[in-house]
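Okay, so here's the structure we're looking at.
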Amino acid sequence: MPVAASAIYFLNLRGDVLINRTYRDDVGGNMVDAFRTHIMQTKELGNCPVRQIGGCSFVYMRISNVYIVIVVSSNANVACGFKFVVEAVALFKSYFGGAFDEDAIRNNFVLIYELLDEIMDFGYPQNLSPEILKLYITQEGVRSPFSSKPKDKPVPNATLQVTGAVGWRREGLAYKKNEVFLDIVESVNLLMSSKGNVLRCDVTGKVLMKCFLSGMPDLKLGLNDKIGLEKESEMKSRPAKSGKTIELDDVTFHQCVNLTRFNSEKTVSFVPPDGEFELMKYRITEGVNLPFRVLPTIKELGRTRMEVNVKVKSVFGAKMFALGVVVKIPVPKQTAKTNFQVTTGRAKYNPSIDCLVWKIRKFPGQTESTLSAEIELISTMGEKKSWTRPPIQMEFQVPMFTASGLRVRFLKVRIVIYAFESTILPKNAMLSSRISKPLCH
């Protein structure tokens, strides 16, 4: 169920009402007094952003020195409520020149009332796009003297963007050079035992795009996912091509993606926004290719000494390399002195996080590096507690490598204004467009 907000209040830090708007008559006007008495005066604002008092739920968020409180009397979607608050604040900032605080509200209360009538109808969120709302709410807000006036380009066709499916892109865009950039960025979440056995492993990734295309382009992206390849071979009545396929889990798309076409054809078709945006996010739990293997050996020599040996092996191709490799090796809190020996990079002891920090600027593929450290501990008179040995953390970036095995098979771009269609392959880009290589970290 959507938000179904009964009322929305803007309060300062003292609890005074700056602006309020009632959308339904199922709550009384004194509900803000209940919020002020039971939540603000009891200092429980930081405990939970959702509270229920007297049959009503309060969903609130603090922005600068202002509390935005949404009052609902039914079982509403809380995540949608917070999303509405974030989008509404971004809308107000676009009118106020980037500032949103108590002074900005007092200086622009007439404009805020007008916007509140447009962005929510009978408690249900409506269009919150600044580019569209500025077409028919042309009043300018009182800007802070420290804010610069943004240069907004007018949108030629307001009706199309308000009622159509391309509200995220304006008409009339024209570029001398049409370009498309695509990056695949992945994060590997791995938990490994001291013996080298993988206990848990998954990959979370996202597809980032940057488009500078004229007109209203129609793009189609093809990946090596198992379901998409099977659907494509079924539609073309021919066997699927051999090669590695992956199964995508928990896929979420940008609003520009045609979900109806994806459900029927399993292809990612979309009209992209202008500039940089996140096309999709995904998660993969099977068939993960680990870029590194970490083999630690820790020996406790009595109560005041410890030896640490860590070997890191890169298992990706020899022609690839990792950048910005950082290995954090936990040590006991009573560490007094450390001596290092590393084959590559630099290492130091960071007492603020109780870790040995090993940094390697460039790590080639199919190689290994070793760290050896002698640690002296402070002797304590009390009973020695067993050290829990927290897991080793590792940060890195490996260009041209995806741990999930995700690959871009094709990217088709059709620019309507020029009435031509071109296919961009990851390794052979056309002159009219350009695509960057996948990136993983």
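The values are calculated or read from the model by the stated rules, or taken from the named source; none is laboratory data. The structure displayed is predicted, hence computed values, not measured ones. Backbone-built Cβ (ideal geometry, glycine too); neighbour counts: all protein chains shown. When the accessible area is computed, the model is the full protein with side chains, heavy atoms only, and any ligands, DNA or RNA have been set aside. Shrake-Rupley method; radii C 1.70, N 1.55, O 1.52, S 1.80 Å.
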Sorted by average packing, counted as other Cβ atoms within 10 angstrom per residue and highest first, what order do 304-312, 170-178 take?
-> 304-312, 170-178
Decide, for the range 1-102, between rounded, prolate and oblate: order the square roots of the alpha carbon gyration tensor eigenvalues as a ≥ b ≥ c, take rounded if a/c falls under 1.5, and otherwise choose prolate if a/b is larger than b/c, else oblate.
-> oblate
Roughly speaking, to the nearest percent, how much of the range 300-365's 1.4 Å accessible area is carbon and sulfur?
-> 50 percent
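When the accessible area of the range 48-135 is split by element with a 1.4 Å probe, what percent falls to carbon and sulfur?
Values: 1940 of 3730 Å².
Whole-percent figure for carbon plus sulfur exposure: 52.
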Grab the other residues whose beta carbon is less than 15 angstrom from that of LYS362, score K and R as +1, D and E as -1, and report the net.
-> +2
Solvent-accessible area per residue, Å², over the range 336-383 with all protein chains present [probe radius 1.4 Å] | 67 Å²
Total lysine pairs whose alpha carbons fall under 16 Å of each other in the range 258-334 (8 or more apart, or interchain) | 4
